[in-house]
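The values are calculated or read from the model by the stated rules, or taken from the named source; none is laboratory data. Values in this document were obtained by computation on a predicted structure and should not be read as measured data. Counting neighbours? That spans all protein chains shown, and the Cβs are built from the backbone with ideal geometry, glycine included. SASA here: full protein model, heavy atoms, side chains in, ligands and nucleic acids out. Shrake-Rupley method; radii C 1.70, N 1.55, O 1.52, S 1.80 Å.
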Amino acid sequence: MTKTTGTSATSGLKLTISAKPAAPVKADLLVLPLGTRDIRKEGVEALKGLGLDESALTDFKGNAGDLCLLYRKASGKGGSRVALLGLGEGKSNGDYRKAFETLSKKAGDLHCGVVVVDCSGVGDWAKHVKRSPEYLAGVIVEGVVSGSYRFDRLKSGKLDKEKKKEADLPKSVVELVLAGCGDHANEVEKGANAGLIIGTCQNLSRDLVNLPGNYLSAEELADAAREAGKRGGFDVTVFNREKITELAMGGLLAVNKGSQDPPTFTIMDYRPEGKVKKTVALVGKGVTFDSGGISIKPSAGMDEMKSDMAGASVVIAILEAISKLKLPIRLIGLVPATDNMPSGSAQKPGDIITTMSGITVEVGNTDAEGRLILADALTYARREYDPDVIIDLATLTGACIVALGMKVAGMFSNDDDLAEELYLAGEASGEKVWRLPLWDEYAEQIKSDVADVSNTGSKGAGTITAAKFLENFVEGHKHWVHLDIAGPAFAAKGGGPISGGTGFGVRLLAELLRSWC
Ligand code: BES
Ligand code: MN
Ligand code: ZN
């Protein structure tokens, strides 16, 4: 296999934390964060200190993500560029995340490699969000790493005649200096390092989603898991078609029937040193491209179905993040992977298949493939590991986009406390989830006359009937969550600051798992 595009969660970002005040020395950009609260008082003082006039504050309101660029006469001390960065009210993590993401993106556009941020307010900021400076530093660095994300590895640059001269300049922040941390420096350093790990792994998830079908087959997705395992120090085992057949994973095999490429089933296993607080199994849908199969999708937007392995990408990325953070949680990642293609050998609507669990499924629609491969993975998780918690992530239904839109994931759980914890993790991480019901009324819709269950529901509530389908395969496990990330996993072009893979789920799960430690 020729690897032209290795994926790696190694960020180029260097972090420097300093107790001493911020100075423009060597900075390509000096950043003064200002909240809306006392923008005048603090702003005027900060500007004065840099020999700048307060008139710069005329139009700057300090809303989260507002940026005002100023230029001072560069003395021998270097650094002429100064940015006022709005923190908004500064009461929620989201304000800081948004501010630093915007800042980072702008710094990249301006080719500012070294960015120095005046963090003398970090103690106050932390108080306002009711978190520790350590936590907030993590949020800030996650924002910077997220804002520096670019997916340009498949651009040769051959057609950019004009831009030649810029080719050697940095395209994103290379060094981030958090200065003026004073007594909080140690805490900030800890949090910043964690933020760097989580942000970098989120960018790995985005990379995997952005790689199109011809660059990411099931085997290549498994390779990405192996690489993550090497970086994070966890075990990775990949089952090939033979082993998958031996295990009788009938769902995965059925979806793979139309494919030119073999399926894979990847197992990632992170075992911490010392006492384990919980064993958690994560299952991610790994459909590397979803054409719909014989029940083929309309062509408009079908290209976006390269993102149908977003759940898998989150599972791979979070394993790397948690192993690098060395959390005392045993984490098992399971990724069933294949593309879903039409061909003479593809499964047909009406086919009846037998899943690994023994449960038979009438395939009413070959485009409802995600639940077929997840069924086997859930059975495997339950039988092989009997984990304390099972969480699956999948771009499962278009109906979820109809219900909740592009920013929020649908959540299902048979455990109210767990659902509440995930809800709170969503609020804190900015990756929000909203719970939908698992009422038995909906099971009626997926009854089959000829098999145990159908993979397609009658009209309405497509997200819920998909979840009801999956519920059959957790075999009574009491702490299961299903996250339908069809909406937030992928941002269409022009839909916001970043387009393409979002890495939605990485911060959410990091927040949840860290709250258990
Ligand atoms: N991968 C799709 C769901 C999807 C749609 C994700 C749009 C992201 C954006 C899934 O495999 C699918 O095709 N689901 C069908 C199910 C239906 C046939 C019961 C759907 O949602 O239409
Ligand atoms: Mn489909
Ligand atoms: Zn799909």
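Relative contact order for the chain using alpha-carbon pairs under 8 Å, separation at least 6, rounded to a whole percent? Intermediate values should be presented prior to the final figure.
Working: 1218 pairs, mean separation 71.8, N = 517.
Reported relative contact order: 14 percent.
Less than 15 Å Cβ to Cβ from residue 450, Lys/Arg counted +1 and Asp/Glu -1: what total charge do the surrounding residues give?
Local net charge: -2.
Taking the Cβ of residue 11 as the center, what net charge do the other residues with Cβ under 14 Å away carry, scoring Lys and Arg +1 and Asp and Glu -1?
Here the charged neighbours net out to +2.
How much length is gained if the chain between residue 386 and residue 452 is pulled fully straight, taking 0.36 nm per residue apart and subtracting their Cα-Cα distance, in nm to one decimal?
Numbers: separation 66, 0.36 × 66 = 23.76 nm, distance 2.40 nm.
This chain segment gains 21.4 nm when fully extended.
Please determine, in degrees from 0 to 90 and to the nearest 10, the orientation of helix 462-471 with respect to the longest principal axis defined by the Cα atoms of the chain, where the helix direction is its Cα long axis.
The two axes meet at around 70 degrees.
Working from Cα positions, state the angle (0 to 90°, nearest 10) between the long axis of helix 93-109 and the longest principal axis of the chain.
Long axis of 93-109 versus the principal axis of the chain: about 80 degrees.
Mind computing the radius of gyration and Dmax over the alpha-carbon atoms of the stretch 380-428? Å is fine for both.
For the stretch 380-428, the Cα-based Rg and Dmax read 13.0, 36 Å.
Could you tell me the largest-minus-smallest coordinate of the C-alpha atoms of the stretch 395-517 on each of the three principal axes, in descending order and whole angstroms?
47, 38, 17
Using just the helices of the chain, give the 222 nm mean residue ellipticity in deg cm²/dmol: DSSP H runs with n ≥ 4 each add -39,500 (n - 2.57), and the total is spread over all residues, rounded to 500.
-11000 deg cm²/dmol
How large is log10 of I(q)/I(0) for the stretch 344-388 at q = 0.27, 0.34 Å⁻¹ when the intensity is taken from the Debye formula with one equal scatterer per alpha-carbon?
Computed log10 I(q)/I(0) values: -0.98, -1.24.
Let me spell out the model: positive unit charges on the Cβ of Lys and Arg, negative unit charges on the Cβ of Asp and Glu, origin at the Cα centre of the stretch 211-515. What dipole size does that give, in debye rounded to 20?
That gives a dipole near 700 debye.
Please work out the Cα center distance from the stretch 415-483 to the stretch 39-88, rounded to the nearest Å.
50
What is the antiparallel percent of DSSP beta bridges lying wholly in the stretch 211-515, to the nearest 5? Spell out each step's value before the answer.
Working: 21 of 45 bridges.
Beta bridges within the stretch 211-515, antiparallel portion: roughly 45 percent.
What part of the accessible area of the chain, given as a whole %, is carbon or sulfur when the probe is 1.4 angstrom?
50
Based only on the alpha carbon positions, what is the Kirkwood hydrodynamic radius of the chain, in angstrom? Present the calculation step by step, with values, prior to reporting the outcome.
Numbers: mean 1/r = 0.0419 Å⁻¹.
About 23.9 Å for the chain.
Where the Cα atoms of the stretch 69-214 are projected onto their three principal axes, how long is each span, largest first, in whole Å?
Projected onto the principal axes, the Cα atoms of the stretch 69-214 cover 49, 46, 26 Å.
Put +1 on the Cβ of each Lys and Arg and -1 on the Cβ of each Asp and Glu in the chain; which of 379, 50, 88 then has its Cα farthest toward the positive end of the dipole?
Going by the Cα projections, it comes out as 50.
Given a 1.4 angstrom probe, what's the average accessible area per residue across the chain, in square angstrom? Please report the intermediate quantities before stating the final value.
Working: 21920 Å² over 517 residues.
Ligands and nucleic acids excluded, the result is 42 Å² per residue.
State the antiparallel share, in %, of DSSP beta bridges confined to the chain, rounding to the nearest 5.
Approximately 40 percent, going by the DSSP bridge assignments.
Starting from the Kirkwood Rh over alpha-carbon pairs, what translational D in µm² s⁻¹ does the stretch 449-517 have by Stokes-Einstein at 37 °C and 0.692 mPa s?
Answer from the Stokes-Einstein relation: 216 µm²/s.
What's the local net charge at residue 122, with K and R +1, D and E -1, over the other residues with C-beta under 12 Å away?
Around residue 122, the surrounding residues sum to -4.
Over the stretch 407-471, calculate the relative contact order: mean separation of alpha carbon pairs under 8 Å at least 6 apart, over the residue count, as a percent. Display every interim value, and only then the final one.
On the way: 72 pairs, mean separation 18.4, N = 65.
Relative contact order for the stretch 407-471 comes out at 28 percent.
For the chain, with only Lys/Arg (+1) and Asp/Glu (-1) charged at the beta-carbon, what is the dipole magnitude about the Cα centre, in debye rounded to 20?
Charge dipole, the chain, about its Cα centre: 1900 debye, nearest 20.
Between 0 and 90 degrees, rounded to the nearest ten: what's the tilt of helix 185-210 against the longest Cα principal axis of the chain?
Long axis of 185-210 versus the principal axis of the chain: about 50 degrees.
Convex hull over the Cα atoms of the stretch 211-515, averaged projected area in nm²?
So the Cα hull casts an average projection of 14.4 nm².
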